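Scroll down for the structure; my scribbles are underneath it.
The values are calculated or read from the model by the stated rules, or taken from the named source; none is laboratory data. Owing to the predicted nature of the structure, the values given are computational and were not obtained by experimental measurement. No Cβ is skipped: glycine too gets one built from the backbone with ideal geometry, and neighbour counts run over all protein chains shown.
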Amino acid sequence: MSDILVIGGGIAGLSAAARLSADAKVTVLEMEHATGYHASGRSAALIEENYGAPSVQALNRASMAYFNEGEYLSQRGLLIIAGADNAEAFHADVARMGVDQITPAEARDLVPILDPKKTALAAYHAPAFDIDTDRLMQDFIRILRANGGQIITDATVTAIRHDALGWHVQAGEEYTATTLVNAAGAWADLVAGIAGVTPLGIVPHRRSMARLAAPGGHDTSRWPIFFGPGETWYAKPDAGALLVSPAEEVVTHPHDAYADDMTLAEGLDRYQNTVTEPVTRPIATWAGLRSFAPDRTLVLGRDPEVPEFVWCAGQGGYGFQTSPAASALLADLVAGRVPAVDPAAVAALRPDRLRV
């Protein structure tokens with residue numbers, strides 16, 4: 001028997017389990033054969049402190065010290081570009097992201113394949129960083145195991161019941177604990193329903209991605225991630241190649257997601273219309289699921305109706321960048337400690353905000 005069962009072996013579940021294991025015996029149940037299989041294995045792996053809702057930004061800021069101390073970050077930078085016909089969307093992005101406007105020529109110095117005829121507006125923010133996501137996950141796993149915790153893979157949850165002894169979770173065999181943490185990502189509401197807990201309206205959204213060879217043989221390693229206006233597409237250097245996404249958010253159901261060819265083609269076309277180098281046949285394509293609560297911010301803390309059930313869900317694409325602070329906050333809330341995160345942000349993240 002464990003003190004705490006965590007359902008979900010993505011970055012949310014692993015970081016939460018690592019933090020919780022300092023005070024409790026923790027077991028992680030992951031339905032796939034390996035951790036980080038779904039959204040966590042398909043992340044853009046970037047942190048930009050001004051990205052997300054105010055509560056997400058608070059977690060971003062609170063995570064930076066952990067990232068810096070562990071040397072998980074490397075310089076990337078963020079560039080927003082637009083044609084003159086998209087000025088309104090561009091200026092909205094600049095205001096929302098707090099980036100500085102630069103000249104089109106300066107933008108082309110950063111990304112030399114930008115078409116000068118299509119780049120009328122540009123803005124740049126240097127403090128955007130790549131995250132070493134694999135090492136981050138492996139380090140959280142090491143912390144969990146060093147504290148006596150364990151990870152069970154190929155453990156698909158089929159039944160959950162609660163009685164005076166605690167939670168009994170059927171996942172191949174039965175696992176028991178006094179506290180259950182729901183870190184199931186796209187499956188979070190499904191897990192709640194199985195447990196007899198009222199779902200919160202967490203909905204998965206598909207996002208597709210294509211991996212392209214470096215355009216024109218350029219060295220992309222020092223290029224920033226660059227976005228179209230209104231985040232209608234983005235491109236990010238990755239290990240000598242370029243990742244291009246239509247940045248779509250299509251409501252779907254929990255499943256092993258795959259790219260939608262038509263949506264991907266539309267996104268690649270929007271990217272193509274901004275650069276001088278032709279789009280080549282993708283090396284690979286894939287998709288991930290970004291799961292959002294109705295107000296598009298994370299859900300962290302004890303369920304107001306069933307306090308032994310703890311939510312760690314609704315990461316919505318912010319899972320890696322918020323993981324150090326979100327996991328510390330969750331551990332504080334479970335242990336009854338006063339969180340270090342700003343109280344207004346804590347209130348904005350609690351599950352009871354979604355219950356009326």
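Pairs meeting the criteria (first residue in segment 119-143 and under 20 Å from ALA239 (Cα atoms), second residue among the basic types (Lys, Arg), beta carbons under 8 Å, at least 6 apart or on different chains) are ALA128/ARG76; PHE129/ARG76; ASP130/ARG76.
Sub-6 Å Cβ pairs linking a first residue in segment 146-165 that is assigned by TED's automatic domain parsing to the domain that holds ASP189 to a second residue that is outside any strand (DSSP E or B) and of a type in the set (Ser, Thr, Tyr), at least 6 apart or interchain, are ASN147/SER21; GLY149/SER21, ordered by first then second residue. Scanning segment 287-314 for residues that are closer than 21 Å to TYR37 by Cβ, touching a Leu at 6+ places or on another chain (Cβ under 6 Å) and not small (Gly, Ala, Ser) yields LEU298, CYS312. Here LEU79 meets the list (1) touching a strand residue (DSSP E or B) at 6+ places or on another chain (Cβ under 7 Å); (2) closer than 30 Å to GLY8 by Cβ; (3) not in a loop (DSSP other than H, G, I, E, B) almost entirely, failing just condition (2).
Yes or no: VAL341 of a type outside the set (S, T, N, Q), touching a helix residue (DSSP H, G or I) at 6+ places or on another chain (Cβ under 7 Å), assigned by TED's automatic domain parsing to the domain that holds PHE140 and more than 28 Å from HIS33 (Cα to Cα)?
On the way: of a type outside the set (S, T, N, Q): yes; touching a helix residue (DSSP H, G or I) at 6+ places or on another chain (Cβ under 7 Å): yes; assigned by TED's automatic domain parsing to the domain that holds PHE140: yes; more than 28 Å from HIS33 (Cα to Cα): yes.
Yes; evaluated as a whole, the condition is true for this residue.
Does TYR66 satisfy being farther than 20 Å from ALA183 by Cα, in contact with a Pro (Cβ under 8 Å, 6 or more places away or on another chain) and in contact (Cβ under 8 Å) with a residue 12 or more places away in the chain? Write out each step before concluding.
On the way: farther than 20 Å from ALA183 by Cα: yes; in contact with a Pro (Cβ under 8 Å, 6 or more places away or on another chain): yes; in contact (Cβ under 8 Å) with a residue 12 or more places away in the chain: yes.
Yes; evaluated as a whole, the condition is true for this residue.
Being in a loop (DSSP other than H, G, I, E, B), within 16 Å of ARG142 (Cβ to Cβ), in contact with an Asp or Glu (Cβ under 6 Å, 6 or more places away or on another chain) and not hydrophobic (A, V, I, L, M, F, W, C) is the requirement here; does GLY9 meet it? Judged against the criteria, GLY9 is a match.
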